[in-house]
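Written below as structure tokens is the structure these notes are about.
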Amino acid sequence: MKSSFRRLAAIAALALSATAPAHAAVVFSDNFDANAMGLNFVPAGWSVSAGTVDIIGPGFFDLMPGSGKYIDLDGSTGQAGVLSKTFTGLANGLYQVTFDLAGNHRSGNDTVVVGFGGSSQTVNLGINQGWTTLSMLATVTNGTLTLSFDDLGGDNMGALLDRVSVSAVPEPGTPAMLLAGLAVLGGVLRRRRSD
């Protein structure tokens with residue numbers, strides 16, 4: 001009987017170690033450091049419509065020193081672009097986007113509309129606001145998810161964007177269901193031994 005419980009405990013420990021880190025699985029991450037800097041540039045893997053964005057950073061219009069490269073969401077054409085990325089082939093379920101936004105650090109306040117799946121969030125930023133980490137959730141039902149950042153400016157001085165990450169959110173009940181199943185299995189083993 002002790003060996004059955006030891007075996008069950010070993011199985012439980014193994015199963016929990018496989019599921020315990022209920023951390024989200026990252027499906028995409030971009031800090032824009034792999035891109036060349038420039039005015040009216042499109043970051044690799046992204047799309048820009050309805051205007052332009054700039055990739056700026058160390059030694060090139062660096063408004064947030066020490067941050068590496070990042071995006072000015074209102075490029076240098078007087079028309080802010082919509083920066084977007086579409087993910088396909090995703091498993092259905094809940095996803096989270098996390099990103100950093102900052103004020104333009106030059107003139108006036110900024111308003112950015114962030115779209116993620118079927119929802120949107122409007123973010124208002126003060127001129128000198130530092131990096132602020134924000135997040136949103138979206139549910140995928142057809143394997144496709146679009147993320148977009150739309151600066152409502154148009155003065156060549158947009159909000160700043162960095163450290164974008166999209167993750168699949170694990171179902172919260174999985175470890176609990178596993179433990180409940182193991183408890184039932186333990187009860188069955190105990191009952192068998194007593195019969």
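Of the residues screened, G45 is not one that is outside any strand (DSSP E or B) and surrounded by 13 or more Cβ atoms within 10 Å (Cβ to Cβ).
Can you find, within segment 81-92, the residue that is farthest from L134 (Cα to Cα) among those that are in contact (Cβ under 8 Å) with a residue 60 or more places away in the chain and either polar (S, T, N, Q) or open to solvent by 50 Å² or more (accessible area, probe 1.4 Å) (or both)? Looking at residues that are in contact (Cβ under 8 Å) with a residue 60 or more places away in the chain and either polar (S, T, N, Q) or open to solvent by 50 Å² or more (accessible area, probe 1.4 Å) (or both), I get A91. When the residues of segment 1-34 are filtered to those that are among the hydroxyl-bearing types (S, T, Y) and open to solvent by 50 Å² or more (accessible area, probe 1.4 Å), the one that is modelled with the lowest pLDDT is S17. Taken over segment 120-176, the residue count meeting the criterion of being part of a strand (DSSP E or B), open to solvent by less than 40 Å² (accessible area, probe 1.4 Å) and among the aliphatic types (A, V, I, L, M) is 13.
Of the set (1) crowded, with 16+ Cβ neighbours inside 10 Å; (2) touching a residue at least 60 places away in the same chain (Cβ under 8 Å); (3) assigned to a loop (DSSP other than H, G, I, E, B), all apply to N104 but (2).
Residues considered: G66, G78. Of these, the only one that is part of a loop (DSSP other than H, G, I, E, B) and modelled with pLDDT of 95 or more is G66.
Yes/no matrix, rows are residues, columns are (1) buried (at least 16 other Cβ atoms within 10 Å of the Cβ); (2) within 17 Å of the chain's Cα centre (by Cα):
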| position | (1), (2) |
| --- | --- |
| A36 | no, no |
| G51 | yes, no |
| I56 | yes, no |
| G66 | no, no |
| K69 | yes, no |
| Q79 | no, no |
| L94 | yes, yes |
| D100 | yes, yes |
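The values are calculated or read from the model by the stated rules, or taken from the named source; none is laboratory data. Note that the structure is a prediction, hence the values are computed from the model and not measured. Cβ: placed from backbone, ideal geometry, glycine included. Neighbour counts: every protein chain shown. Remember, those area values only see protein heavy atoms, side chains included, never the ligands or the DNA or RNA. Shrake-Rupley method; radii C 1.70, N 1.55, O 1.52, S 1.80 Å.
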